[in-house]
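The values are calculated or read from the model by the stated rules, or taken from the named source; none is laboratory data. Note that the structure is predicted; figures quoted are calculated from it, not measured. Counting neighbours? That spans all protein chains shown, and the Cβs are built from the backbone with ideal geometry, glycine included. When the accessible area is computed, the model is the full protein with side chains, heavy atoms only, and any ligands, DNA or RNA have been set aside. Shrake-Rupley method; radii C 1.70, N 1.55, O 1.52, S 1.80 Å.
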Amino acid sequence: TLQLAFEAEDRGAGESESDGEPGAGRFRLLMHVPLSELGETWIDAGLSGGRFRAAIYLDRADVRDRVSAALPELQTELVADGFAEVLLDVRATADLPARARERAAGLRAGRPVASSLVDVRA
């Protein structure tokens, strides 16, 4: 079962549309998927204009090491696909931020904790 929350983010204080690419929005994605080889996998990603950042949260240290080793290749592919800046990181599931944990609990229960563009349980 894939659980996905996708929302628009407000601009920070003092930021204007001209601070990024014209017309570029900011979006946040939280995805949870139990993968047979990786275990419980959480991806907390953000997209703003030509910038993409993602933190991948995994339970097991050996899996984090394997995924970390693959990040440079993924970063190269994302830059080749047109992203100007790509930041990728792998972290322990215990480091998942409180806001993401709250949203994750809502996803699991089928009750989004906030109004988003899309909250889907598939």
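Observations
- Scanning region 29-41 for residues that are open to solvent by 50 Å² or more (accessible area, probe 1.4 Å), assigned to a strand (DSSP E or B) and without any contact (Cβ under 8 Å) to a residue 24 or more places away in the chain turns up just one, L35.
- Listing of strands (runs of 3 or more DSSP E) fully contained in region 50-121 that carry 3 or more residues being modelled with pLDDT of 90 or more and open to solvent by less than 30 Å² (accessible area, probe 1.4 Å): 51-58, 85-92
- Residue check: G20 meets all listed conditions (1) at pLDDT 85 or above; (2) surrounded by 14 or more Cβ atoms within 10 Å (Cβ to Cβ); (3) small (G, A, S) but one, namely (1).
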